[in-house]
Structures are given as structure tokens and as C-alpha cells.
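Take a look at the structure below.
Please treat every number below as a calculation from the coordinates, not as lab data. Remember, it's a predicted structure, so these values are computed and weren't measured experimentally. Cβ sites come from the backbone with ideal geometry, for glycine too, and all protein chains shown count toward neighbours.
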Amino acid sequence: MNLNLEQLHQIRDLIAKRGFLEVDIQMEILDHIASSVEEKKIENPTLNFDAAVNETIQSFGVMGLSAFADGLTNSIRAKYSRLFWRFFFSAFGYKYVLLLCFSIFGIYKMQGLLTANVFYIFLVTGLLCVFGISVFSTIKPSLYKKFASFKSGNSFLPLLGGTILLTNFAMNIVPVGYTIFAINVQQLVVSLSIVLFILYFNAAIRTAKISIMETKSLIEKYRLLYN
Amino acid sequence: MAVNNELFKGTLQTIILNLLSENERMYGYEITQKVKAITKGELLLKEGALYPALHKLEADGLLDTATEVVGNRVRKYYSLSKSGEKEVVNKLQEAKDFIAHLQVLLNLKSSF
């Protein structure tokens, strides 16, 4: 026997009352509990719905539901974290090594050609554009923010500010005009940090896009059922 | 009885991969019930251990997932990816080797 919508709402409310508010976490727990309740009702048709739900919840143990939800949340975080680092390190593959070296060389040369102030204006403008794109690309209806997938996949974008600070720090830490083998160390450090920043941004945006796609797909199914 | 988590931990991924290689696709509850049925209720796979393992395998690219609307709710199905199909062979061999070593170490008589 399948549980009806009202019974599923009851289970969903029960999960929410226990403090598990992220919809994708709720959905996975809900299917698990509902499957168990349905089986209990098949095994014992006289068992009422509330008793079957209670039996199922109790079977998880004292920390069971929390451990279940924590496990789900952590694994969703880990999934997007792995995805992010895979995107980030994919740029160091043999296909892109030349492009990376060319980018570092290009930015290094640009610093030599432009005055410090003009270069700084270019840098700040670029960083503001990046910031704008990241903010714009993650503006979504509030329902998205109720999904662990969306939150985890977008968790790398706010750290962009940290990488901007690191770039700035790199510019200030090395003395101006300090050279090794005729290479201006400050310009090299700045070039490297800008390229790393771009790689970070690229990985963060790609991870966010995948999480948005997954969340969107879940929202469509969720609306189909509960709206 | 619920099996000791420490004993289960090392082989949980192999168990999941093997079940999925035999069943094409499964959902979480189905996996717990399958383990229970195969072991005649002797081993209980707890949700707190199952789902992190499933999600880790998914994140490692060994499992593909698909969500479907089934019986008024959304259900997430897990299946082996191409890499998962290759990995299951390695994992099974590792587990068999481990069991063989364990039998020698614990002086157990081979039952198979």
C-alpha cells in the first residue's frame, strides 16, 4: 500500500519539527521512513499509521534520525567539495599547462607595461566584475536556499573575497623591485595569485552551476507533489 | 543484531557496489532491506552508515543517481556508473583477499 499525500505531509512535518529543514534532506529521509511504514503496514495491516511511524523513528535509535540527517548533509557537502577541487585541479592537467603559463606570463608582462596605478585599476575593475557575476549568478528564489545541495554548491563563492585579499596581500608583502634572475618577484607573485584567483572563480562558478541545476530539478519534482 | 560498525565500515562500499551490480538500480531503504533479507536479519545496515557511504560513492563518481516521483514522493535511485562497474571487480577481489588473510590470522576453517 502507498501512503497518501496527507500521510506524507505528516511525516514531512515530523522531520521538520526535529529541526531538519533542508528540503532535499527531508525528501531522502521521507522516502526512507515512508518505505518502512508501508512495509510495516503490509506486514501488520491492523497497525495504525502513527504507530508505524513511531516504530520506524524509534528503530533509528536515540541519535538515529540526527545521525541519518547529519550523514546526508555531510555527504552532500563532501560531494560538492570534491567536485570543486576536481574542477580546480583540472586546470593543471597537461591540456591547460601552456595556457596557464601563457596567462602568468601575460599578466607579468602587463604589469611591466602599465604603471602600478593603471594596473591596480584594471585589477580592481576585474575583481568587481567577478564579484558581480558571482552575485548575479546565484540570485535565486528563496526556495533554493532551503536545499542543502544549493547551499553546499554555492558555499565556495563567498570565499572569493578571501582570495581578493590574498592577491592584495601578495602585492604588498614582496618588496617593490626585488628581482631573482632578472625576474621581478612582486610581479610574478601577483601574476600567480591572479591566475589562482581566476582558477578558483572558475571552479566555484562551475560547482555552483551544477548545484543550481540539481536543485532546480528537485524543486520541479517537489512542486509537482506538494503544490 | 546490528553489526559492529567498525567491522562493517571497511566493507560497506564493497557491499553496496556488489548489490548494485546485481540489481541495476536501488534506493536507500531497498538496500537496507536487501542486506537484511540476504543475511536473514543477522546484519542490519543502519541509515547513518548507509547514506554517507552512498553519497561518498556518488561523489567519487562510482555511482550515478536519478530522482523519480514514485508513490506521491521523490525517490533517489542509485546505480553503478561506468567507473563503478570497473571498481566493483577490484573491490570484490580486495575483499576476498582480505577474508582469506583473516581466516589464516584467526585460524578459521574455510566454510566456502
For this session: Sticking with the crude label model, points 7 Å out along Cα→Cβ, report the distance from B:THR65 to A:LEU98 in nm, one decimal please.
Result: 3.9 nm
Problem set entry | Signed unit charges on C-beta, dipole axis of chain A, positive-most listed residue A:GLN111, A:VAL37, A:PHE197 | A:GLN111
For this session: With everything on Cα atoms, drop me the angle between helix B:12-23 and the longest principal axis of chain B, reported from 0 to 90° to the nearest 10.
Result: 60 degrees
Exercise. What is the helix-to-structure angle for A:185-226, meaning the angle in degrees between its Cα long axis and the longest Cα principal axis of chain A, kept from 0 to 90 and rounded to the nearest 10?
Worked result: 20 degrees
Exercise. If you place +1 on the Cβ of every Lys and Arg, -1 on the Cβ of every Asp and Glu, and leave all else neutral, what size is the dipole of chain A about its Cα centre, to the nearest 20 Debye?
Worked result: 900 debye
For this session: For A:LYS145, go through the aspartates and glutamates and keep the ones whose alpha-carbon is under 19 Å away, minus same-chain ones fewer than eight residues off.
Result: A:ASP13, A:GLU22, A:ASP24, A:GLU28, A:ASP70, A:GLU214, A:GLU220
Seminar exercise, completed: For segment A:93-226, the Cα-Cα pair-distance distribution in 5 Å bins from 0, as whole percents, is 2, 9, 16, 18, 14, 12, 9, 7, 5, 3, 2, 1, 0, 0
Exercise. For the Cα atoms of chain A, what angle does the longest principal axis make with the long axis of helix A:97-113, in degrees from 0 to 90, nearest 10?
Worked result: 50 degrees
Problem set entry | Length-normalised contact order of segment A:93-226 in % [C-alpha pairs under 8 Å, at least 6 apart] | 34 percent
Problem set entry | Cβ-based exposure ranking for B:ARG25, A:ARG223, in which fewest neighbours within 10 Å come first | A:ARG223, B:ARG25
Exercise. In terms of Cα to Cα distance under 28 Å, which lysines are near enough to B:LYS36, apart from those fewer than 8 places away along the same chain?
Worked result: A:LYS40, A:LYS41, A:LYS79, B:LYS9, B:LYS46, B:LYS56, B:LYS76, B:LYS82, B:LYS86, B:LYS91, B:LYS96, B:LYS109
Problem set entry | Lys/Arg +1, Asp/Glu -1 at C-beta; the protein assembly as shown dipole; positive extreme among B:ALA95, A:ASN168, B:GLY41 | A:ASN168
Seminar exercise, completed: Computed over chain A, the relative contact order (Cα-Cα under 8 Å, seq sep at least six) in percent reads 24 percent
For this session: Would you kindly derive the ³J(HN,Hα) couplings of segment A:118-132 from the backbone phi angles with the Karplus curve 6.51 cos²θ - 1.76 cosθ + 1.60 (θ = phi - 60°), listing them in order in whole Hz, with x for Gly and Pro?
Result: 5, 4, 5, 4, 4, 4, 5, 4, x, 5, 5, 4, 4, 4, x
For this session: Assign one of three labels to segment A:5-59, namely rounded, prolate or oblate, based on the Cα gyration tensor with a ≥ b ≥ c the square roots of its eigenvalues; rounded applies when a/c is under 1.5, prolate when it is not and a/b is larger than b/c, and oblate otherwise.
Result: prolate
Exercise. Considering amide H positions built from the backbone, and no H for Pro or chain starts, which residues 5 or more places from B:LEU80, or on another chain, come under 5 Å of its amide H?
Worked result: B:ASP64
Problem set entry | Relative contact order %, segment A:5-59, counting alpha carbon pairs below 8 Å whose residues are six or more apart | 29 percent
For this session: Kindly work out what percent of the DSSP beta bridges joining two residues of the protein assembly as shown are antiparallel, to the nearest 5.
Result: 95 percent
Exercise. If packing is taken as the mean number of other Cβ atoms within 10 Å per residue, what is the order of A:150-158, A:38-46, highest first?
Worked result: A:150-158, A:38-46
For this session: Specify whether the C-alpha gyration tensor of segment A:1-160 places it in the rounded, prolate or oblate class, a ≥ b ≥ c being the square roots of the eigenvalues: rounded for a/c under 1.5, otherwise prolate if a/b is larger than b/c and oblate if not.
Result: prolate
Seminar exercise, completed: The Rg/Rh figure for the protein assembly as shown, Cα atoms and Kirkwood Rh, to two decimals is 1.09
Exercise. Which whole number of Å³ per residue matches the convex hull of the alpha-carbon atoms in chain B?
Worked result: 119 Å³
